[in-house]
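Note sheet for the following structure.
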Amino acid sequence: MALHSCKDSSNATSTESEITQTEETATTETDSTSKSILFFGDSLTAGYGLDNPDNAFPALIQNRIDSLGLEYTVINAGLSGETTAGGRNRLEWVLEPDVDVFVLELGANDGLRGVAVAETRENLQWMIDKVKTEAPGAQIVLTGMQLPPNLGSEYTGDFKAIFPELAKENYIALIPFLLEDVGGIASLNQNDGIHPTAEGHKILADNVWEVLGPILKE
């Protein structure tokens, strides 16, 4: 069962603060290593609802990288409530030309709001093109998303197809479904039934690593 969403930002000041913090984090962390991985996404990337941000899957990826002695620093540019339109507006604020790997995790909020599939696809393609232009050396990884079936089979089918199609057309890596083995499983999600628990994020990290790991080891 596929189920996922991302918390809306209800306070503009809070959102601006998150963006500022993301920019500061990016500046600090990219200075510490010659290689960086930018996770650009929504509340799934941000680790919404977790007691400790170190339990979010990007931080778990960093732990795995460190344990293997790989010289990469993870930058978490997740923002709760982000849509692809919002990401399109925010991308140039956090994107640096020396980013080595760019993980694009957006789209869930578009689907849950009923945004036209063509618009979501256009925004994702724009961001992929932007990364290729501004950070031509970066390897891009796209995370696939799926929606609950109650939104209608035609819409959910078209939405699901966006991600593998974009990955194929742009010759970029694809994580088939970020919430594989987590979405819809009550014990692995918080009380909202949407955002993963710390245990759920461990599985998300495994899903990401299956694709990201080989890229980093090349």
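Each reported figure results from applying straightforward, stated rules to the coordinates on display, with no laboratory input. Quick caveat, the model's predicted, so the values are computed rather than measured. Please note: Cβ atoms are built from the backbone with ideal geometry, for glycine as well, and neighbour counts cover all protein chains shown.
Data for the structure
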quantity: Whole-Hz couplings from phi, Karplus 6.51/-1.76/1.60, listed for the range 179-193; x for Gly and Pro; calculated: 8, 4, 6, 10, x, x, 9, 4, 5, 9, 10, 5, 4, 6, x
quantity: Reachable lysines, given that their alpha-carbon falls under 21 Å from the alpha-carbon of K202 and they are not under 8 places away in the same chain; calculated: K7, K217
quantity: Burial ranking of peptide ranges 101-107, 52-58, 117-123 (average Cβ count within 10 Å, highest at the top); calculated: 101-107, 52-58, 117-123
quantity: Cα Rg over Rh - the range 87-143, Kirkwood; calculated: 0.99
quantity: Selection from V208, Y171, L70, by position along the positive dipole direction of the range 35-216 (Cβ); calculated: Y171
quantity: Total charge dipole magnitude, the range 35-216, about the Cα centre, Cβ charges on Lys, Arg, Asp, Glu only, Debye to nearest 20; calculated: 140
quantity: 5 angstrom amide H check on Q139, placed H, neighbours 5+ away; calculated: V101, F102
quantity: Other-chain or far-sequence residues with amide H under 5 Å of I175's (modelled H); calculated: L142, T143, G144
quantity: Assigned charges on the beta-carbon of Lys, Arg, Asp, Glu; the range 52-112 dipole about Cα centre (debye); calculated: 200
quantity: Net charge over other residues, Cβ less than 12 angstrom from the Cβ of F57 (K, R count +1; D, E count -1); calculated: -2
quantity: Vicinal HN-Hα couplings computed from phi for the range 116-121 (Karplus, 6.51 cos²θ - 1.76 cosθ + 1.60; Hz; Gly/Pro x); calculated: 4, 4, 4, 5, 4, 4
quantity: Dipole-positive endmost among A59, G41, L142 within the range 35-216 (Cβ charges, Cα centre); calculated: L142
quantity: Whichever lysines have a C-alpha closer than 19 Å to that of K160, once near sequence neighbours (fewer than 8 apart) are set aside; calculated: K168
quantity: Globularity index of the range 139-218, i.e. its alpha-carbon radius of gyration over 2.2 N^0.38 Å; calculated: 1.20
quantity: Alpha-carbon gyration tensor eigenvalues x 5, square-rooted, for the range 35-216, Å; calculated: 23, 21, 14
